[in-house]
Structures are given as C-alpha cells and as structure tokens.
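To start, the structure under review is shown below, and the notes come after it.
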C-alpha cells in the first residue's frame, strides 16, 4: 500500500536508504547533499537501521571508506555534491575498476570556480567516464524510486558496478513535493539481502582488491568493465519492470513525451524536463508538433535506443546543463550527436548550454528554443550549432 507524503528530494532519498538498511554509510557533509547523511544519522541514532555510520574528514576519505567496506562484503552507500564528488575522483575509478556496487546519492551542484552552490551538472558529468552507472531524476518521486532500484542494478551478477543516483541541487533536493512511498517491508523484500560472491572477509577464499595490473592484463579488465556496463542496460529495464509491479510506476532508459509525430524536439536531463513538458503542452495547444526526450540513464548511454526514438525528428536541440569546453557544446550533446551519426540520421542538431550555476529555466526560455528550431525547419539554415540560452548581454 502506498504511503502518501510531502517530502524534499533529500529526505525522500534518506528514507529510501533507511528502508534499504545498508551495512555502512561513510559521509562528509557538503551543500546541497548535507541533509541526506544528516537525516540518515538520525535514523542510526534512533536505532531505525543497523547501519555503521562512519563520519570522515573529507569526501576522498568517504569514498575510500566505502571502497574498503564494500570490498569487505558490506552493502555500502554515501552522498555528495559538486567539489565533494571531485575530491572523490581517484576513488571513483578505483570503486568501478574493483567492481564494487556502492550506491551514491549525487545532488547536482556546479563545480567551482567561481564558487557557486547552485545546480548544474558539471559534477556528475565530469565523472561520466569513471565507470559508474548514472541515473538521473526529474523530481522527488523519481529520486526516491531510482534509489530503491539502485542496488538491484548495481549488485546484479552481470553488472557489479557502482551506481550514482542524481537529482538537481535545491531544485528537487530542498523543494517539498507530494510523493508516494512504498511500505518498508516492500522495499526490503524488493532489494533483498546482499550476498557477495567475492569479499575480503571470506576466510574460505583469499582475494586481492586493487592490485597492480600489468600491461598483459589491464586491457582485458577494462573490457570486462565495458561489458558489465553494457549488461547494465537490460538489467536496468528488468529491475524497472519488477519495480512497476510493486509501485505502479513505469521507468525505462529514457522517457518520451509527445514525441511520436514531433518535427522539433529537445533532449534534456533532470528537473528542467518538467518545465520543458509545460512548454510542449503549451505549443501543442497552438498546433505545433513538438516533443521531448528525457534522459534517465546516462551511463550506460542508450545510443541505439535514443537514435530510434528520434528517427522522425527533423530538428533537435540537446540541452546541456554544463559546459564541455570543447567549443562544440556539452557532453550530452556530444553523446546524442554521436548516436544519431552512427544511426545515419539526417536530423539537424543544435546544442544549448543552459541553466549553469543555477540560472533559472522558465517555460518561455524553452519556448525560445523551440522557436529557434522552427526557424531552422522553415529555412533549412541551421546556423550556430553551439549556443547559450538566456545569456545576459
């Protein structure tokens, strides 16, 4: 039976963590994710979970502790944002290469500098090639649902990779929304117990974690990681199908919105998708054929599936909430363009940098993007393919 609540995104994720009841949480506070370990430490103090809470001296130490506890055989999680994720950089790669299914709640915030505590995706996008599965959340409900599904994906025998569940700092992390929670027992039964096959405290089978890898083996191990990441696509879909049975909420690799007959469309991630849907509704009411594709799973990147979903779109805008400094746009734009090129698509594509450093994204801003796409459709002239949205003169 669903439990109706009003929660912030941070509190919703902390409740998912409580319902999972992990073995270890190691964390160091950083805005805007601080509330997650703060809420969770209260659950520990109140005896609502059996978790060992490890307060550490930095985010690098937090991920180091997570690597150690997960390698020892303990189900482990943490939370961070922005420069905290950047300080974990070395350990992110170690966690992934050691095939440790750690779960991380990433509350997206701009990386310095200049110093900025507001939302953009430069933190998680900077970690996109570290070997972690990345799942993004439009709203508080999705942040909760995605975290409930996280361990079923990460711990699967064909995957065994760490996973980060992302949501937008302050926009969803601190805003309160109506949300449907699952019963504690439902979550516990869905996630199940953690029974690792290989772990350091297994006295019957010795093993090494993170040893020196000579050239004769390193490439093969990286290929194994790549295969596991590719395997994750089907596992994500399978877990989502099981989750739908207990929640009634359906998830895929991405969501399409009024895309079937769309001539102009946008691709977008996280909370701004909700604003963009309002713009789509408004323009559809005016008789304009517009649509949207919202990325849920960025790693592994569902290139073939996205290209298929966009095959009938004539003009496309890819919305990047971080700057790639490639002089061509951001990382999402690069991925989508690559997917379309590989599929032989003739869709005209423009990459927009938007909302970085917490810049507001309004319905009229998204309407402006669609207006530019219709200009391209009418004239055939694509013009500048790398643009900034809502840039002050």
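The values are calculated or read from the model by the stated rules, or taken from the named source; none is laboratory data. Note that the structure is a prediction, hence the values are computed from the model and not measured. Glycine gets a Cβ as well: all are built from the backbone with ideal geometry, and neighbour counts include every protein chain shown.
Table for the structure above
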{"quantity": "Verdict on residue 42 being farther than 22 Å from residue 90 by Cα, in contact with a helix residue (DSSP H, G or I) (Cβ under 9 Å, 6 or more places away or on another chain), free of Cβ contacts under 8 Å to residues at least 12 places away in the same chain and in the same structural domain as residue 115 (by TED's automatic domain parsing)", "calculated": "yes"}
{"quantity": "Residue 334 vs. criteria at pLDDT 95 or above, under 18 Å from residue 382 (Cα atoms), surrounded by fewer than 21 Cβ atoms within 10 Å (Cβ to Cβ) and under 19 Å from the mean Cα position of the chain (by Cα)", "calculated": "yes"}
{"quantity": "Odd one out for residue 281, checked against (1) surrounded by 22 or more Cβ atoms within 10 Å (Cβ to Cβ); (2) part of a helix (DSSP H, G or I); (3) outside the structural domain of residue 153 (by TED's automatic domain parsing)", "calculated": "(1)"}
{"quantity": "Residue identified as over 17 Å from residue 363 (Cβ atoms) and out of contact with any helix residue (DSSP H, G or I) (no Cβ under 6 Å at 6 or more places or on another chain) among 282, 250, 311", "calculated": "311"}
{"quantity": "Candidates 106, 66 - the one that is closer than 30 Å to residue 205 by Cα, assigned by TED's automatic domain parsing to the domain that holds residue 207, outside any loop (DSSP other than H, G, I, E, B) and in contact (Cβ under 8 Å) with a residue 40 or more places away in the chain", "calculated": "66"}
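Residue-by-condition table, conditions (1) outside any loop (DSSP other than H, G, I, E, B); (2) farther than 23 Å from residue 143 by Cβ:
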residue: 231; (1), (2): yes, yes
residue: 241; (1), (2): yes, no
residue: 245; (1), (2): yes, no
residue: 249; (1), (2): no, no
residue: 261; (1), (2): no, yes
residue: 268; (1), (2): yes, no
residue: 273; (1), (2): yes, no
